Amino acid sequence: MRRTRIRAAPTHLQRPRRGFSLVELMVAMTLGLLLTGAAVSLFLSLRQLHLEQERVALMKENLRFASDFMTRDIRGAGLRESGELGLPEGLEPGDLGSLEQHRFTVRKAGMNCLGETGPWVASVYSVQNNQLRCGNDDAPMQNQPLVSDVRSMTAVAMNASGQPDWERPVALRIELVLESRAGPQILTHAVEFVVSLRNAVLTQYQSL
């Protein structure tokens, strides 16, 4: 039986082994850096979006709390212990010469915003040091913050015809503007709500 020998190809016919050239390495590194940069940029963008969504949600929650708290307190403005209506004394502007107020006082029988009770207690609302604050009219005045990051508050009393009128108010229109800062970015959110003065509305209805 004849055996067949397989001879290896001559060394000079084998293809030489070669590595990556410098140009190829530089191209690969550049592509890698570009992909890494794109991934990091996407991650930072998603993280910033998440933070913005959290800031907006927090601002909306604060605005909702402020509007609910103020509505419960303001709608009983002017109600005296005898059951009579004491307006406009029950809703006083901070500046008598302006229709738009940045500070106002609610007076009524019962409880004020600090939890104090009495036959004629006061709740004074204002914005100080970017805080919506509520206090009494004692000397010295006691107050406490309700919501932080508040840039401004504007209040306008309206009469039964819907016109600005602090002498015959039946409702109070309030606008709150919140401002949130994160580095150079400033995010603002505003809410406007109207509080009907329950006792003033009933008095107007009964007089018809």
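The values are calculated or read from the model by the stated rules, or taken from the named source; none is laboratory data. From a predicted model like this one, the values you see are computed outputs, not experimental measurements. Ideal geometry is used to build each Cβ from the backbone, glycine not excepted, and the neighbour counts take in all protein chains shown.
None of L44, L34, L25 is surrounded by 11 or more Cβ atoms within 10 Å (Cβ to Cβ), more than 26 Å from A160 (Cα to Cα), more than 21 Å from the chain's Cα centre (by Cα) and of a type in the set (A, V, I, L, M, F, W, C) except L25.
Taking the range 176-208, which residues are at pLDDT below 80 and more than 12 Å from the chain's Cα centre (by Cα)? Of everything in the range 176-208, those that are at pLDDT below 80 and more than 12 Å from the chain's Cα centre (by Cα) turn out to be A182, G183, P184, Q185, V201, L202, T203, Q204, Y205, Q206, S207, L208. Of S67, S45, S82, S41, all but one fail to be over 18 Å from T154 (Cα atoms), at pLDDT 80 or above, of a type in the set (G, A, S) and assigned to a helix (DSSP H, G or I); the exception is S41. Here are G76, G97: which of them is closer than 23 Å to N159 by Cβ, in contact (Cβ under 8 Å) with a residue 24 or more places away in the chain and part of a loop (DSSP other than H, G, I, E, B)? It is G76. Against the numbered list (1) out of contact with any Cys (no Cβ under 9 Å at 6 or more places or on another chain); (2) of a type outside the set (D, E, K, R); (3) surrounded by 19 or more Cβ atoms within 10 Å (Cβ to Cβ); (4) part of a strand (DSSP E or B), G110 comes up short only at (3). Applying the set (1) assigned to a loop (DSSP other than H, G, I, E, B); (2) of a type outside the set (A, V, I, L, M, F, W, C); (3) without any contact (Cβ under 8 Å) to a residue 24 or more places away in the chain to E192 leaves exactly one unmet item: (1). Of all the criteria given as (1) surrounded by fewer than 18 Cβ atoms within 10 Å (Cβ to Cβ); (2) touching a residue at least 60 places away in the same chain (Cβ under 8 Å); (3) in a helix (DSSP H, G or I), the one not satisfied by E167 is (3).
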